[in-house]
Amino acid sequence: MSHDYRPGDVLLLECPFTETAVTGVTRYHVSVRWPWLEVDPQAESIRWNGQRALPTPTAREWEIFRTEPAESTLKPGDACLVGIPATVVHVQAVHRFDPPLVTGMLPRPASYLEVLQQGETHDSSFEDQGYTIDPAGGEPIRIELFFRPYAFLELGDEVADRNGRAWRFDAAWNWHPFDGEQAGTPTWPLKLITRHGEPTPTEAEEVGQATAVGSHSDELDRWSVLTHARPAAHQQ
């Protein structure tokens, strides 16, 4: 289950710090026994060793799971805690797998959230920029939806803006006009035209009321304050 998370969502992540032990140390990584997931005995092509490597400051890698004491102070055999301190991220993409993805670990993920840290704007030229988490996996990650831009719309909704221009809503920063003109952003207020067919009066009223005041720029500003980022250039 993806819990209906979608691109643009701003999330607060936390995971209780749990006891484990250090199995290895290098300049760039500290390996620990992973306390939550199990080895998948039927994953013939992938054999997980039950450990996970976490970066030290020298590695200059972003990792949401951290250790206590800090990674740079640990040595093989040490006892430590591993978890996620309160961390704000924003969702860049949602990936779904049917059947669930074989990773060598159990449970097998049915979806991944690809998230970026505060201050990071998506750059398509970076292959491994995002960090993936399983929102319904064995790791007890608490996920709080902090802010969802355009929460009153559903993906695929079609609306008309104040100027009568028709748009399809594919994500908060991903709008497609139907007139073939250069893409931009709709001018509020918005009128809901289609949502899985003709919208109900209640649905149409909710969208109208939500956009009676404010603007696309206001939604973007609220999002940027929380993420310290901007949408990718092609999405603005």
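E44 to Q129: FRET efficiency via 1/(1 + (r/R0)^6), r the Cβ-Cβ distance, R0 25 Å, to the nearest 0.05?
Working: r = 31 Å, r/R0 = 1.24.
About 0.20, to the nearest 0.05.
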- Message: What are the ³J(HN,Hα) couplings of the stretch 157-166, residue after residue, when phi is run through the Karplus curve with 6.51, -1.76, 1.60 and θ = phi - 60°? Round to Hz, x for glycine and proline.
- Response: 4, 10, 9, 10, 8, 4, 8, x, 7, 8
- Task: Step through the residues of the stretch 4-13 one at a time and calculate ³J(HN,Hα) from phi using the Karplus curve (6.51 cos²θ - 1.76 cosθ + 1.60, θ = phi - 60°), rounding each to whole Hz and writing x for Gly and Pro.
- Result: 6, 5, 8, x, x, 4, 9, 10, 10, 10
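Grab the beta carbon distance between T26 and A70, set R0 = 25 Å, and tell me the FRET efficiency rounded to 0.05. Show your work: numbers first, answer last.
Details: r = 15 Å, r/R0 = 0.62.
Once the sixth-power term is evaluated, E becomes 0.95.
Once the piece of chain linking T202 and R168 is laid out straight, how much longer is it, given 0.36 nm per residue of separation minus the C-alpha distance between them?
On the way: separation 34, 0.36 × 34 = 12.24 nm, distance 1.96 nm.
Answer, rounded to one decimal: 10.3 nm.
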- Item | Full-stretch length increase - Q209, R96 - with 0.36 nm per residue and alpha-carbon distance subtracted | 37.4 nm
- Task: With a point put 7 Å past each Cα toward its Cβ, work out how far W62 is from R142 in nm, to one decimal.
- Result: 2.3
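Give the relative contact order (percent, whole number) for the chain; include only Cα pairs under 8 Å separated by 6+ residues. Write down the numbers at each step before the final one.
Values: 490 pairs, mean separation 48.7, N = 236.
It rounds to 21 percent for the chain.
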- Task: May I ask for the angle, rounded to the nearest 10°, between helix 216-227 and the longest principal axis of the chain, with both axes built from Cα atoms and the value confined to 0 to 90°?
- Result: 10
- Angle, helix 201-210 long axis vs. longest principal axis of the chain, Cα atoms, 0 to 90°, nearest 10? 80
- Message: Just want the answer: with Cβ charges of +1 for Lys and Arg and -1 for Asp and Glu, which residue in A21, P99, T211 is farthest toward the dipole's positive end in the chain?
- Response: A21
- Message: Please list, by residue number, every one of the GluC sites (Glu not before Pro) in the stretch 136-236 that is coil in DSSP and has at most 10 other beta-carbon atoms within 10 Å.
- Response: E181
- Task: Whole number please: convex hull volume per residue, Cα atoms of the stretch 124-206, in Å³.
- Result: 160
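To the nearest 0.05, how large is the calculated FRET efficiency for R222 and T18 if R₀ is 25 Å and r is the Cβ-Cβ distance? Please report the intermediate quantities before stating the final value.
Numbers: r = 34 Å, r/R0 = 1.37.
Between R222 and T18 the formula returns 0.15.
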- Message: So if I restrict to the alpha-carbon atoms in the chain, what is the Rg, and what is Dmax, the biggest pairwise distance, in Å?
- Response: 21.3, 67
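Does the stretch 160-227 come out rounded, prolate or oblate by the C-alpha gyration tensor, with a ≥ b ≥ c the root eigenvalues, rounded set by a/c under 1.5 and, if not, prolate when a/b is larger than b/c and oblate if not?
Working: a/c = 1.73, a/b = 1.20, b/c = 1.44.
It is oblate, given that a/c is not under 1.5 and a/b is not larger than b/c.
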- Query: Check V25: other-chain or 5+ apart residues with amide H under 5 Å from its amide H, H built from backbone geometry?
  - Reply: S31
- Task: Evaluate the relative contact order of the stretch 91-153 (contact order divided by residue number), counting alpha-carbon pairs under 8 angstrom at least 6 apart; express in whole percent.
- Result: 29
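Could you work out the helix-only [θ] at 222 nm for the chain, with each DSSP H run of four or more residues adding -39,500 (n - 2.57) and the total divided by the number of residues, to the nearest 500 deg cm²/dmol? Write out the running numbers ahead of the final one.
Numbers: 2 runs with 22 residues, N = 236.
So the helix-based figure for the chain works out to -3000 deg cm²/dmol.
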- Task: Return one whole number: the accessible area per residue of the chain in Å², for a 1.4 Å probe.
- Result: 54
- Note on the structure: Between I193 and residues 5 or more places away or on another chain, the pairs with built amide H atoms under 5 Å apart involve E158, V159, A160
- Task: Would you give the gap between the C-alpha center of the stretch 62-125 and the C-alpha center of the stretch 191-236, rounded to a whole Å?
- Result: 29
- Around F152, which amide H atoms from residues at least 5 apart in sequence, or from another chain, sit under 5 Å from its own amide H, with H modelled in the peptide plane? none
- Note on the structure: Where a ≥ b ≥ c are root eigenvalues of the Cα gyration tensor, a/c under 1.5 meaning rounded, otherwise prolate if a/b exceeds b/c and oblate otherwise, the stretch 40-154 counts as oblate
- Message: What is the percent carbon and sulfur in the accessible area of the chain, measuring with a 1.4 Å probe over the protein chains and ignoring ligands?
- Response: 49
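The values are calculated or read from the model by the stated rules, or taken from the named source; none is laboratory data. On a predicted model such as this, the values are computed, not experimentally measured, just so you know. Note that we place each Cβ from the backbone using ideal geometry, even for glycine, and neighbour counts take in every protein chain shown. SASA here: full protein model, heavy atoms, side chains in, ligands and nucleic acids out. Shrake-Rupley method; radii C 1.70, N 1.55, O 1.52, S 1.80 Å.
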